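Asker: Here it is, the structure, as structure tokens.
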Amino acid sequence: MEHLFTNIAQILTSWMVSLGLPPIWADLILLIGQWTIIVVIVTLNVIVLVWLERKISGFIQERLGPNRLGPFGAFQTIADAMKLLTKEDIIPSQADRWIFMTAPMLFIVIAVMLYAVLPLGQGMEVVDLNVGLFYFISLGSLSTICLLMAGWGSNNKWSLLGAMRSVAQMISYEIPLAFSLLGVVMLAGSLNLSEIVTAQNRYWFILLQPVAFLTYFIAATAELNRGPFDMPEAEQELTAGAYTEYTGMRWALFFLAEYTNLVAVSALAATLFFGGGQGPWLPSWLWIIIKTYLIMLVFMWMKWTFPRIRMDHLMSFSWKVLIPVSLANILITGLGIEFFRGMGW
Amino acid sequence: MVLNEADTRDGSSDVEQLEKHNIIVTTLEKIWNWSRARSFWPLSYGCNCCPIEMMASGAARFDIARYGYEVFRASPRQADLLIVAGPITLKMAPVVKRVYEQMPSPKWVLAMGNCATSGGPFRDGYSILPGADTLFKVDIFVPGCPPRPEALFHGLLELKKKVERGDY
């Protein structure tokens, strides 16, 4: 079971080579296949996640959540998705047409691109990039531009306000996010995600870097625009923030991308702090799914438990608390590494 | 597929014969209506007493989420169902009308409470519209002053049947 998917990939490659295909073409076809599988799984997973979120919000508020359609209301999201497909597609006449139309597409493309470097099991990353973590963080910050495009292109005051807020928020939380991951990189001595997983052979990095994990978790919530930091689409203040003018499928694409980002960020947390695919008995790809889902449940728990913070509190929390804490964490990690090396461990 | 002689003898229609062979004939519209009827995302408009009942229907005791109708959207662009829960004053009428026009079709309107159905106690007032149907087509009227959450659910489920029939 451990090498199920890698074996399938190997068999397919050798079969294509035996048909007389040059190896580079076989690799390319395999790469396209892997991408298709990732896109399909990500999309189907979002259907499950939206249902899970609605159920969990129900349970937290002492409600039942959707339960009429299918077992435990499991088909509710399918009905929603089909309805969104058939809604009228409105592009406001005063909108900046091209920017308005490309923003959701770019958002989902960037979100799916994050999965290129994530090791979804032992030896199961699409690209084994040696600067994988760097790639992940730099792509993650690109999604700010999409939100800004959506806000500017809509030509709506709520959209623009929401987009401006999201840019301010994402730029200030980008810094503690990257700093908190530096401690892990110092311990592992690599930016390659699968090497970071192997570095956690003896103990998971959550034990050595609890402060870094906490900082990462808070900063990632802000990066994802999830509650309690869902400033950009604060319904009571901004209607629907940057998404105000989007209808039907275009809006659904934003939603899809947000959940895709959530899965990617949780998978990165599982990879960096919880030993990735390492665990007893079960195969590695199953372990990473379990860990990712557990971390996502904590994200949802947080969203439905805490009220939204005010914008100025949000900014001062990042600059006055998170950044100093993550900087101190780097210093202490460096001192600790030197100290233990001096002790000869 | 070739139909049997025996199938055509009992005078059943072509569609019924196909169903005997486990082939279900449908139109795409039926599938869309199935999904539309199960996911109304409401946009609420109200004054004071009907919205309180509407909020109660979203909360723990009644839980509108069981039917999957709990996604109250603040932006009309993402809503399907306009719940008019309150009297429409002449000053407010153009605004409600505009919000209705901003919603993407297919869209529905539910008039909740006596004020929205007929003007209620303010019917003869100089500044109140006698019912939401003077402004736009209303699909379901839910009477009551204010209607209880159960009445709102009944209205929503009747609307669901109506949409499933494709009768809108």
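Bear in mind these aren't lab numbers, they're just calculated from the coordinates by the rules spelled out. The shown structure was predicted, so the numbers you read here are calculated from the model rather than taken from an experiment. In this analysis, Cβ positions are derived from the backbone assuming ideal geometry, glycine residues included, and neighbour counts consider all displayed protein chains.
Asker: Which pairs break 23 Å Cα to Cα here: A:83/B:161; B:20/B:162; B:30/B:162? Please list the in-between numbers first.
Answerer: On the way: A:83/B:161 16 Å; B:20/B:162 28 Å; B:30/B:162 12 Å.
Where the Cα-Cα span goes over 23 Å, the pairs concerned are B:20/B:162.
Asker: Now a separate question. Can you tell me which lysines have their Cα less than 18 Å from the Cα of residue B:97? Leave out same-chain residues fewer than eight positions away.
Answerer: B:107, B:137
Asker: How would you rank A:87-96, A:271-280, highest first, on the average number of other Cβ atoms within 10 Å across their residues? Walk me through the intermediate numbers first.
Answerer: Details: A:87-96: 14.8, A:271-280: 21.9.
By packing density, highest mean first, the sequence is A:271-280, A:87-96.
Asker: What does the convex hull of the Cα atoms come to per residue for the stretch A:157-253, in Å³? Present the calculation step by step, with values, prior to reporting the outcome.
Answerer: Numbers: hull volume 11.4 nm³, N = 97.
Looking at the stretch A:157-253, the number lands at 118 Å³ per residue.
Asker: Summarise the partner chain shielding of A:235-245 as one whole number: the mean count of Cβ atoms from other chains within 10 Å of each residue's Cβ.
Answerer: Numbers: counts 4, 1, 1, 2, 6, 6, 2, 0, 4, 5, 4.
Whole-number average of other-chain Cβ neighbours for A:235-245 is 3.
Asker: Return the percentage of antiparallel bridges among DSSP beta bridges fully within the protein assembly as shown, rounded to the nearest 5 %. Mind dumping the intermediate values first?
Answerer: Values: 1 of 13 bridges.
Expressed as a percentage, antiparallel bridges in the protein assembly as shown total about 10.
Asker: Rounded to the nearest 500, what is the 222 nm mean residue ellipticity of chain A from helices alone, with -39500 (n - 2.57) per DSSP H run of 4+ residues and division by all residues? All intermediate terms of the calculation are to be shown ahead of the outcome.
Answerer: On the way: 14 runs with 240 residues, N = 345.
Mean residue ellipticity, 222 nm, calculated: -23500 deg cm²/dmol.
Asker: I would also like to ask the following. Roughly how many Å is it from the Cα centre of the stretch A:176-233 to that of the stretch B:84-140, as a whole number?
Answerer: Answer, in whole Å: 52.
Asker: Now for a separate question. Could you grab the relative contact order for the stretch A:90-342? Cα pairs under 8 Å, six or more apart, rounded to a whole percent.
Answerer: Numbers: 384 pairs, mean separation 67.1, N = 253.
Contact order relative to length: 27 percent.
Asker: Per residue of A:69-75, how many C-beta atoms from partner chains lie within 10 Å of its own C-beta, taken as a mean?
Answerer: Working: counts 7, 0, 0, 0, 4, 0, 3.
Across A:69-75, the average partner-chain Cβ count within 10 Å equals 2.
Asker: Continuing with the same structure: Near residue A:118, within a Cβ-to-Cβ distance under 15 Å, what is the net charge of the other residues, with Lys and Arg +1 and Asp and Glu -1? Each step should come with its number before you reach the end.
Answerer: Working: positive: A:291; negative: A:125, A:128, A:195.
In short, -2.
Asker: Just the Cα atoms of the protein assembly as shown: what Rg and Dmax do they give in Å?
Answerer: 26.9, 95
Asker: Normalising by the residue count of chain B, find the relative contact order in percent from Cα pairs under 8 Å and 6+ residues apart. Working shown, then result.
Answerer: Working: 266 pairs, mean separation 37.5, N = 168.
That works out to 22 percent.
Asker: Let me ask something else about it. Just tell me which lysines come within less than 25 Å, Cα to Cα, of residue A:303; anything on the same chain fewer than 8 places away is out.
Answerer: Residue A:303 reaches A:55, A:291, A:320.
Asker: Could you tally the net charge around residue A:192, taking each other residue with its Cβ under 14 Å from the Cβ of residue A:192, Lys/Arg +1 and Asp/Glu -1? Working shown, then result.
Answerer: On the way: positive: none; negative: A:125, A:128, A:195.
With Lys, Arg at +1 and Asp, Glu at -1, the neighbours total -3.
Asker: Hey, could you grab the Kirkwood Rh for chain B? Inverse mean 1/r over distinct alpha carbon pairs, Å, one decimal.
Answerer: Numbers: mean 1/r = 0.0565 Å⁻¹.
Computed over chain B, the radius equals 17.7 Å.
Asker: For the stretch A:27-132, what is the charge dipole size about the Cα centre, in debye to the nearest 20, if Lys and Arg each add +1 at the Cβ and Asp and Glu each add -1 at the Cβ? Don't skip to the answer; put the middle values down first.
Answerer: Numbers: 7 positive and 9 negative charges, 102 e Å.
Roughly 480 debye, rounded to the nearest 20.
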